[in-house]
1. Rounded to the nearest Å, what's the spacing between the alpha carbon centres of the range 272-289 and the range 29-81? Just the number, please.
2. First check a/c for the range 136-288, with a ≥ b ≥ c the square roots of the eigenvalues of its C-alpha gyration tensor; if it is under 1.5, answer rounded, and if not, answer prolate when a/b is larger than b/c or oblate otherwise.
3. Along the charge dipole of the range 190-312, Cβ charges K/R +1 and D/E -1, which of Ala304, Gly270, Leu256 sits furthest on the positive end?
4. Can you give me the % of accessible surface on the range 13-54 that is carbon or sulfur? Probe 1.4 Å, all protein chains present, nothing else counted.
5. Which shape class, rounded, prolate or oblate, goes with the chain when its Cα gyration tensor gives a ≥ b ≥ c as root eigenvalues, a/c under 1.5 marks rounded, and past that a/b bigger than b/c marks prolate?
6. With n ≥ 4 as the cut-off for DSSP H runs, can you work out [θ] at 222 nm for the chain, using -39500 (n - 2.57) per run divided by the number of residues, rounded to the nearest 500?
7. Could you give the dipole magnitude of the chain about its Cα centre, charging the beta-carbon of Lys and Arg +1 and that of Asp and Glu -1, in debye to the nearest 20?
8. Label-point separation (nm) for Ala91 and Tyr212, each offset 7 Å from Cα along Cα-to-Cβ?
Amino acid sequence: MSERWLSRIGQNGHVRRAAWIVLAVALLVEAYFAVFVRRNDFVCHYNFGRDFLAGNPYGHLGNIYPLARAMFNGLLSLPNYYVSRAICLAAAVAGLAWSLWTWRRVAQAGRPIAPSLQFPTVLVSLIILAPLLIRDLDECGLQLLLLTMLTAGMAAVHSGRPGWAGFWLAAAASYKANPILFLPLLLWKREWKAAGWMAAWIVLLGFLPAAYLGWDTTLAGHRHFLAHSILRLRNTTDAHPSLPGTELPKHDNECLPAAIARFVETYPAGHPLYIDHPLFFQFGHLPLAQAKAVVTGAILLLGAGIAWSMRRRWNAPSRESGTSLPAEWAVACVFCALLSPLCWKQHLVLLLPCVYLLARDLLATPRGRLSRGIVVGATAVVLLGMRRGLIGEELALVCMSYNFITWAAVAATLKVLADRRVAAAVAEQPSSNRLPAQRLAKAA
């Protein structure tokens with residue numbers, strides 16, 4: 001696809017209207033099924049909220065979320081069940097639209113591209129991630145709400161508002177535990193004010209349920225959450241994460257520990273992770289303790305490498321300063337999902353910022369286009385091609401067992417980090433060396 005051809009698509013009013021009509025119709029159909037037909041994890045969260053309102057926030061065994069999330073679920077369960085689903089879905093769709101607009105604005109501020117390429121970039125991103133987005137919208141967009149909070153945090157950091165950044169990141173870490181990852185990231189980036197505000201807001205939101213539950217019940221809830229979280233992490237029967245007594249190991253789990261464990265463990269016939277299929281191969285055969293050590297070591301090594309590549313401050317005077325914030329924030333968003341013990345497909349809507357940034361550079365930047373195209377194409381094949389409706393349920397399960405989605409997400413994050421330097425180098429080119437679209441964007 002040439003840049004000129006894509007620019008014409010972006011400028012063609014008929015194409016844009018047709019795309020918006022298709023998206024609107026698809027969204028209306030999805031809204032009907034999400035609100036009135038689907039039965040999924042939203043039911044669990046609705047029931048968790050009713051437990052909170054009854055004064056017993058951990059009444060159900062499957063509630064593995066922080067106490068502040070139970071408070072949020074309590075608000076969610078105040079209206080009628082179907083009204084609650086509709087409100088949540090509407091908030092998620094609005095959050096998705098605002099998140100895309102915000103990522104476009106922040107990325108454009110760092111390195112502008114032609115306005116005519118903005119629409120194709122968003123459209124390509126939505127098409128590639130359509131299976132994940134639809135899966136989450138089926139659950140009324142619970143993960144899109146998390147993406148909205150993380151995006152709000154990024155926008156606050158970008159605009160120099162550390163207090164709001166701390167609030168939104170604390171809200172995300174209270175909604176699900178894994179966004180606590182942003183606290184060490186802020187400290188690593190020497191964003192002291194934002195980190196301080198995040199810590200303060202986490203404490204405040206953590207004890208806000210006491211206004212309803214009382215002090216003793218709130219403290220008991222926090223003790224329950226911490227004790228059971230540690231117990232679940234220690235007592236898994238495999239290096240592959242699961243929830244002992246609640247959730248058996250599943251191939252659907254797309255977390256990074258599960259993807260690594262797949263290559264260091266062997267599962268016997270009858271095990272939930274064993275598949276009787278000629279294409280199901282097993283590799284390592286390490287004992288449990290060694291397998292867990294290898295998984296932990298691999299993750300720490302990857303994390304150390306990523307942390308070293310992100311060592312510069314976001315406001316440091318360097319040629320990458322204008323492009324590092326959105327890229328590094330997008331990577332952190334993905335790892336909030338990948339490092340969770342349980343990462344289902346809908347959780348990976350947090351991959352949207354990475355895919356958007358890759359698609360943006362793929363369409364607008366010739367340098368590095370081949371490697372970027374391979375990553376984007378592989379992600380599209382994994383998400384759109386390895387589906388039960390196309391290759392059959394059994395083969396799709398075998399493909400799922402190799403965690404191709406997980407590895408595609410890791411490849412996307414590494415490519416986004418690598419592209420910071422490419423983007424900065426392109427931005428530094430003399431105006432006479434830029435493509436027409438880049439000159440147009442610069443003038444705009």
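The values are calculated or read from the model by the stated rules, or taken from the named source; none is laboratory data. Just so it is clear, the model here is predicted, and its values are computed rather than measured. Cβ: placed from backbone, ideal geometry, glycine included. Neighbour counts: every protein chain shown. These accessible areas exclude ligands, DNA and RNA; they are computed on the full protein's heavy atoms, side chains included. Shrake-Rupley method; radii C 1.70, N 1.55, O 1.52, S 1.80 Å.
1. Here the answer is 36 Å between Cα centres.
2. prolate
3. Highest projection toward the positive end goes to Ala304.
4. Heavy-atom surface of the range 13-54 belonging to carbon and sulfur, 1.4 Å probe: 70 percent.
5. Cα axes put the chain in the rounded bin.
6. Rounded to the nearest 500, the figure is -21000 deg cm²/dmol.
7. 1680 debye
8. 1.2 nm
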